[in-house]
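Let me begin by presenting the structure, written as C-alpha coordinates, before commenting on it.
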Amino acid sequence: MKLPLDVNKIRDDGPREALGNSFGLVRKDKKNKAKWHRGWDLSARPGSAVYAIADGRIIHRFHNVKGYGEAIVLEFDNPKFDPWSRTCGGLQTYRKLYAVYAHLSKMLNLNSVYKGQVIGYTGTGGNALGEPPHLHFEIMLEEPLNPHSPRIDPGELFGYSFYVCEGRIGR
Ligand SMILES: [Zn+2]
(Lines give C-alpha, C1' and ligand atoms only; values in the text may rest on other atoms or scores of the structure.)
Protein backbone atom coordinates (compact mmCIF):
# COMPACT_ATOMS: atom_id res chain seq x y z
CA MET A 1 0.00 0.00 0.00
CA LYS A 2 1.08 3.55 -0.70
CA LEU A 3 -0.17 6.55 1.23
CA PRO A 4 -2.27 8.97 -0.85
CA LEU A 5 0.03 12.02 -0.63
CA ASP A 6 3.74 12.77 -0.51
CA VAL A 7 3.33 14.23 2.97
CA ASN A 8 0.58 12.59 5.01
CA LYS A 9 -0.35 14.49 8.10
CA ILE A 10 -3.74 14.62 9.79
CA ARG A 11 -4.79 18.24 9.64
CA ASP A 12 -4.54 20.06 12.94
CA ASP A 13 -5.21 23.58 11.72
CA GLY A 14 -8.56 25.37 11.51
CA PRO A 15 -11.24 25.01 14.15
CA ARG A 16 -10.42 21.35 14.93
CA GLU A 17 -7.33 19.66 16.16
CA ALA A 18 -5.98 16.44 14.69
CA LEU A 19 -8.37 14.19 16.57
CA GLY A 20 -11.39 15.87 14.96
CA ASN A 21 -9.89 15.27 11.52
CA SER A 22 -9.29 11.58 12.06
CA PHE A 23 -11.83 8.76 11.72
CA GLY A 24 -14.77 8.08 14.00
CA LEU A 25 -17.25 9.92 16.19
CA VAL A 26 -14.72 12.70 16.48
CA ARG A 27 -16.84 15.75 15.71
CA LYS A 28 -19.73 17.60 17.29
CA ASP A 29 -22.91 18.76 15.62
CA LYS A 30 -24.67 22.04 16.41
CA LYS A 31 -26.34 20.46 19.42
CA ASN A 32 -22.97 19.26 20.70
CA LYS A 33 -23.81 15.66 19.90
CA ALA A 34 -21.01 13.37 18.68
CA LYS A 35 -20.86 13.31 14.90
CA TRP A 36 -19.06 11.06 12.44
CA HIS A 37 -16.10 11.93 10.31
CA ARG A 38 -15.77 8.96 7.98
CA GLY A 39 -12.22 9.38 6.80
CA TRP A 40 -8.98 11.23 7.31
CA ASP A 41 -8.37 14.87 6.52
CA LEU A 42 -4.78 15.18 5.38
CA SER A 43 -3.32 18.66 5.01
CA ALA A 44 -2.48 19.37 1.37
CA ARG A 45 -1.62 22.52 -0.47
CA PRO A 46 -4.07 22.86 -3.40
CA GLY A 47 -2.57 21.21 -6.46
CA SER A 48 -0.76 18.45 -4.54
CA ALA A 49 -0.61 15.16 -6.44
CA VAL A 50 -2.71 12.29 -5.06
CA TYR A 51 -1.54 8.72 -5.67
CA ALA A 52 -3.26 5.40 -6.22
CA ILE A 53 -2.74 3.60 -2.91
CA ALA A 54 -2.71 0.22 -4.69
CA ASP A 55 -3.08 -1.27 -8.14
CA GLY A 56 -6.71 -1.02 -9.12
CA ARG A 57 -9.40 0.57 -11.19
CA ILE A 58 -10.88 4.06 -11.12
CA ILE A 59 -14.58 3.24 -11.06
CA HIS A 60 -16.03 6.72 -10.46
CA ARG A 61 -15.08 10.30 -11.04
CA PHE A 62 -17.73 12.42 -9.36
CA HIS A 63 -18.33 16.05 -10.16
CA ASN A 64 -19.79 18.11 -7.40
CA VAL A 65 -21.01 15.34 -5.12
CA LYS A 66 -22.55 16.81 -2.02
CA GLY A 67 -19.84 17.50 0.53
CA TYR A 68 -17.14 15.82 -1.51
CA GLY A 69 -16.89 18.18 -4.49
CA GLU A 70 -14.80 16.47 -7.16
CA ALA A 71 -14.06 12.94 -6.00
CA ILE A 72 -12.37 9.81 -7.30
CA VAL A 73 -13.23 6.27 -6.23
CA LEU A 74 -10.48 3.66 -6.65
CA GLU A 75 -11.36 -0.03 -6.41
CA PHE A 76 -8.51 -2.26 -5.23
CA ASP A 77 -7.93 -5.72 -3.77
CA ASN A 78 -8.27 -5.84 -0.03
CA PRO A 79 -4.81 -6.76 1.32
CA LYS A 80 -6.52 -8.12 4.45
CA PHE A 81 -8.96 -10.35 2.57
CA ASP A 82 -9.01 -13.87 3.98
CA PRO A 83 -10.97 -16.39 1.90
CA TRP A 84 -10.90 -18.80 4.85
CA SER A 85 -12.38 -16.33 7.29
CA ARG A 86 -15.13 -17.96 9.33
CA THR A 87 -16.54 -14.71 10.65
CA CYS A 88 -19.58 -12.91 9.27
CA GLY A 89 -18.60 -9.42 8.24
CA GLY A 90 -15.41 -7.66 9.21
CA LEU A 91 -12.65 -6.27 7.03
CA GLN A 92 -11.20 -9.69 6.15
CA THR A 93 -14.44 -10.80 4.46
CA TYR A 94 -14.34 -8.12 1.73
CA ARG A 95 -12.52 -9.05 -1.46
CA LYS A 96 -12.43 -5.48 -2.81
CA LEU A 97 -12.20 -2.10 -1.10
CA TYR A 98 -12.84 1.41 -2.34
CA ALA A 99 -10.64 4.42 -1.67
CA VAL A 100 -12.30 7.83 -1.95
CA TYR A 101 -10.27 10.96 -2.65
CA ALA A 102 -12.39 14.10 -2.18
CA HIS A 103 -12.20 17.89 -2.62
CA LEU A 104 -9.99 17.51 -5.70
CA SER A 105 -9.18 20.25 -8.20
CA LYS A 106 -8.31 17.90 -11.04
CA MET A 107 -9.07 14.25 -11.80
CA LEU A 108 -7.08 12.41 -14.43
CA ASN A 109 -9.02 10.42 -17.00
CA LEU A 110 -7.75 6.95 -16.10
CA ASN A 111 -9.15 3.46 -15.83
CA SER A 112 -6.61 0.87 -14.66
CA VAL A 113 -3.95 2.35 -12.43
CA TYR A 114 -0.88 1.08 -10.67
CA LYS A 115 0.17 1.70 -7.10
CA GLY A 116 1.84 5.09 -6.83
CA GLN A 117 0.40 6.48 -10.07
CA VAL A 118 -0.78 10.10 -9.93
CA ILE A 119 -4.57 10.04 -10.32
CA GLY A 120 -5.48 13.66 -9.53
CA TYR A 121 -4.67 16.83 -7.66
CA THR A 122 -6.00 18.24 -4.41
CA GLY A 123 -8.25 21.28 -4.21
CA THR A 124 -10.72 22.99 -1.93
CA GLY A 125 -14.15 21.99 -3.28
CA GLY A 126 -17.26 20.55 -1.66
CA ASN A 127 -17.62 21.26 2.02
CA ALA A 128 -13.87 21.96 2.27
CA LEU A 129 -14.54 25.42 0.89
CA GLY A 130 -13.33 27.97 3.41
CA GLU A 131 -11.46 25.37 5.47
CA PRO A 132 -7.69 24.95 5.47
CA PRO A 133 -6.92 22.95 2.31
CA HIS A 134 -6.84 19.19 2.67
CA LEU A 135 -7.53 15.85 1.07
CA HIS A 136 -10.52 14.01 2.53
CA PHE A 137 -9.63 10.34 2.23
CA GLU A 138 -11.90 7.38 2.99
CA ILE A 139 -11.87 3.61 2.73
CA MET A 140 -15.28 2.18 1.93
CA LEU A 141 -16.14 -1.50 2.28
CA GLU A 142 -18.87 -1.23 -0.33
CA GLU A 143 -19.61 1.12 -3.12
CA PRO A 144 -21.33 3.25 -4.31
CA LEU A 145 -20.46 6.43 -2.54
CA ASN A 146 -23.35 7.25 -0.26
CA PRO A 147 -23.65 8.19 3.39
CA HIS A 148 -24.68 4.65 4.32
CA SER A 149 -21.80 2.71 2.77
CA PRO A 150 -19.73 1.34 5.63
CA ARG A 151 -16.28 2.85 6.06
CA ILE A 152 -13.24 1.76 8.01
CA ASP A 153 -10.50 3.81 9.58
CA PRO A 154 -7.77 4.08 6.91
CA GLY A 155 -5.41 3.25 9.78
CA GLU A 156 -6.61 -0.35 9.54
CA LEU A 157 -4.70 -0.56 6.26
CA PHE A 158 -1.89 1.92 6.81
CA GLY A 159 -1.27 1.57 10.53
CA TYR A 160 -1.39 4.41 12.97
CA SER A 161 2.23 5.11 13.71
CA PHE A 162 2.74 8.00 11.32
CA TYR A 163 -0.19 9.97 12.59
CA VAL A 164 0.15 9.17 16.25
CA CYS A 165 3.38 11.14 16.08
CA GLU A 166 2.70 13.74 13.44
CA GLY A 167 -1.00 14.19 14.01
CA ARG A 168 -0.48 14.21 17.76
CA ILE A 169 -3.23 11.68 18.41
CA GLY A 170 -2.81 9.75 21.62
CA ARG A 171 0.35 10.03 23.66
ZN1 LIG B 1 -13.06 15.19 5.91
**Message:** Let me confirm something: among Leu108, Leu135, Leu145, Leu97, which residue is touching a His at 6+ places or on another chain (Cβ under 7 Å), modelled with pLDDT of 95 or more and either open to solvent by less than 20 Å² (accessible area, probe 1.4 Å) or farther than 15 Å from Met1 by Cβ (or both)?
**Reply:** Leu135
**Request:** Could you tell me whether any residue of the stretch 109-129 is part of a strand (DSSP E or B), within 13 Å of the ligand (Cβ to nearest atom) and farther than 15 Å from Arg38 by Cα?
**Result:** yes
**Request:** Among residues belonging to the stretch 43-59 that are in contact with a Pro (Cβ under 7 Å, 6 or more places away or on another chain) and within 24 Å of Pro144 (Cα to Cα), point out the one that is nearest to the ligand (Cβ to nearest atom).
**Result:** Val50
**Request:** Filter the stretch 35-78 down to residues that are part of a strand (DSSP E or B) and either basic (Lys, Arg) or without any contact (Cβ under 8 Å) to a residue 12 or more places away in the chain (or both) and give me whichever is most open to solvent (accessible area, probe 1.4 Å).
**Result:** His63
**Asked** Just wondering, is there one or more residues in the stretch 1-12 that are within 12 Å of the ligand (Cβ to nearest atom) and open to solvent by 20 Å² or more (accessible area, probe 1.4 Å)?
**Response** no
**Message:** If I filter the stretch 21-34 down to residues being more than 10 Å from the ligand (Cβ to nearest atom) and among the charged types (D, E, K, R), which single residue comes out as least open to solvent (accessible area, probe 1.4 Å)?
**Reply:** Asp29
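The values are calculated or read from the model by the stated rules, or taken from the named source; none is laboratory data. Bear in mind that the values here come from a model prediction, so they are computed numbers and not experimental data. Using ideal geometry, Cβ is built from the backbone for each residue, glycine included, and neighbour counts are taken over all protein chains shown. Ligands, DNA and RNA are excluded from the accessible area calculation, which covers all protein heavy atoms including side chains. Shrake-Rupley method; radii C 1.70, N 1.55, O 1.52, S 1.80 Å.
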